[in-house]
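What follows is a short report on a single structure.
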Amino acid sequence: MTVGHYENFPVASRLVPAALRPAIVAIYCFARAADDLADEGDAAPGDRIAALAAFGRALDAIAAGDTPGTAPFPALATAIRRHDLPLAPMRDLLSAFTQDVTTRRYATYADILDYCRRSANPVGRLLLALYRADRGAQGSDNLAASDAVCTGLQLANFWQDIAVDWRKDRVYLPQEDLARFGLTVDHIAQGRADARWRDLMAFETARARALLQSGHRLARRLPWRLRLELAAVIAGGTRILDRIDAVGGDVFTRRPVLRTADWCVVAWRTLRPPRAGLAAEPQP
């Protein structure tokens, strides 16, 4: 399946057992459709919010035992009932997409983490639920490690797309971090990658990298197919951060993308992941 531009959703690849692929596709289609309601087309903000609210009511109907007749809900209802999937992560996604309609700036890193909790972390939680890895003695730690990986991926995507998001009048860099390094949004508007900007970006990529690397402890506990899938996701996100560092944080003129050589590195890191461990958060 093609993931399009919904960057944080893993591909329903051949690494995923065939019995689980329809559920992953159903969840993806729900997330993709809801995200498009928030971002695509020319609808007014009020209409976008109303459309997302309608998605919420469809989830309510599924919870009540009904099956809404319009896509993507029939397939989603089947997946939810067949695999006993929680609805809370899907409601969190709708909350984050609704916030995208109304919020363009974030004051603190805590605000960004709260957004990631609802925009990215639900994906990992749903996958763990599919694999029944969200329960038992290690369930809570598995969820925490998954949250760290998903947040790290979301941050890597934010830093990669700073210039792209600026053109949409969105700034995900916390205002407190800009101020800490003596910067303003004028640096983004002017595409100015000076020494202070490089220091800020090195700080942000190190913070995201620490979150991603903490996920390796989770990979070792999962079935081998999902272990490889997760290791590849971590390696891909880490490589994007490497590419941001390699251009000195200049995501304005040299937006980092993964090329053939990078994918070779990703493949190597997938097969030979580092030892698990939680890196300390960098200090400015």
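Only the coordinates and a few stated rules stand behind these numbers; no lab work does. This one's a predicted model, so the numbers in the text were calculated from it and none came from an experiment. Don't worry about glycine lacking a Cβ; one is built from the backbone with ideal geometry, like all the others, and counts go over all protein chains shown.
Summary table
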quantity: Length released on extending from R259 to D114, taking residue separation times 0.36 nm less the Cα-Cα span; calculated: 49.0 nm
quantity: Which of I49, I112 has the fewest Cβ neighbours within 10 Å, and the rest in rising order; calculated: I49, I112
quantity: Added length on full extension, which subtracts the Cα-Cα distance from 0.36 nm per residue, A144 to A33; calculated: 37.3 nm
quantity: Electrostatic dipole magnitude of the chain [Cβ: Lys, Arg +1; Asp, Glu -1; Cα centre; debye, to 20]; calculated: 1180
quantity: Simple label model, 7 Å out from Cα along Cβ direction - E40 to T184, nm; calculated: 3.7
quantity: 222 nm mean residue ellipticity, helices alone, for the chain (DSSP H n ≥ 4; -39,500 (n - 2.57); rounded to 500); calculated: -20000 deg cm²/dmol
quantity: Computed label-point distance, nm, for sites A137 and R221 using a 7 Å Cα→Cβ extension; calculated: 1.1
quantity: Cα centroid of the range 85-99 to Cα centroid of the range 25-57, whole Å; calculated: 11
quantity: In the range 49-104, trypsin sites (Lys or Arg not before Pro) in a DSSP loop with at most 15 other beta-carbon atoms within 10 Å; calculated: R104
